[in-house]
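Here the structure is laid out as structure tokens; the discussion comes afterwards.
Readers should treat all values here as calculations from the given coordinates under stated rules, not as data from a laboratory. Keep in mind it's a predicted model, so treat the numbers as computed, not measured. Here the Cβ positions follow ideal geometry from the backbone for every residue, glycine too, while neighbour counts run over all protein chains shown.
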Amino acid sequence: MKRIKIRDEYCMNCRLCEVHCLVAHSHSKKIIKAFRDERDQITPSIKVESAGYVSFALQCRHCDDAPCVQACMTGAMHRDPETGAVLCDTDRCVGCWMCVMVCPVGAVNPGLDQHIASKCDLCIGTGEEMPACVANCPNEALVLEDDDE
């Protein structure tokens, strides 16, 4: 399975990964329209944490054991059989937040509407080959790699 690897030594806290995640999951797919008209409706699935000179991107690691999948009482959190990615079926999510509580890296969050969990979906279904955060990271702090690399 391909996963996003974080190279925190290259992260410069520009937050472009957050911006491009928001745009990739917007209806318009246009940066200005997404920020002006849709920002209140979309939760970026990646978050940059920083303290002093240290910064790094935080997003779902699509864990092999996936505690969020095991804890989900409705089956909304599930592993995609085709890609191996851990995804959230928004039609099944009831907002119990068990996935939020058990995520070992804090990458699952309540969405903006507070009824659906929000997490990285590797931009599956956006029609792009590479997740938006990886494709638009200017310092290559985020890279998409196979597990065996």
(request) Evaluate Rg over Rh across the chain, taking Cα atoms for both radii and Kirkwood's formula for Rh. (result) 0.94
(message) Can you classify segment 42-94 as rounded, prolate or oblate using the Cα gyration tensor, where a ≥ b ≥ c are the square roots of its eigenvalues, rounded means a/c under 1.5, and otherwise it's prolate if a/b beats b/c and oblate if not?
(response) prolate
(request) Pick out which of GLY125, GLY111, GLY95 has the largest mean-square fluctuation in a Gaussian network model of the chain, springs linking Cα atoms closer than 10 Å. (result) GLY125
(message) Run the lone-cysteine check on the chain: no other Cys C-beta under 4.7 Å from the residue's C-beta.
(response) CYS11, CYS14, CYS21, CYS63, CYS72, CYS88, CYS93, CYS96, CYS103, CYS123, CYS137
(request) Please report, in debye to the nearest 20, how large the charge dipole of the chain is about its Cα centre when each Lys and Arg carries +1 at its beta carbon and each Asp and Glu carries -1 there. (result) 560
(message) Considering the Cα positions of segment 63-119, please state its Rg to one decimal place and its Dmax as a whole number of Å.
(response) 10.2, 29
(request) Determine the relative contact order of the chain: mean sequence separation of Cα pairs under 8 Å and six or more apart, normalised by residue count, in whole percent. (result) 32
(request) May I ask which residue of ILE4, HIS115, ILE32 lies farthest towards the positive end of the charge dipole of segment 1-115, with charges of +1 (Lys, Arg) and -1 (Asp, Glu) on Cβ and the Cα centre as origin? (result) ILE32
(request) Mind running the shape call on segment 26-69? Use the C-alpha gyration tensor, a ≥ b ≥ c as the square roots of the eigenvalues: rounded below 1.5 for a/c, prolate if a/b tops b/c, oblate otherwise. (result) oblate
(message) Using only DSSP helix segments of four residues or longer, with each worth -39500 (n - 2.57), what per-residue ellipticity at 222 nm results for the chain after dividing by its residue count and rounding to 500?
(response) -3500 deg cm²/dmol
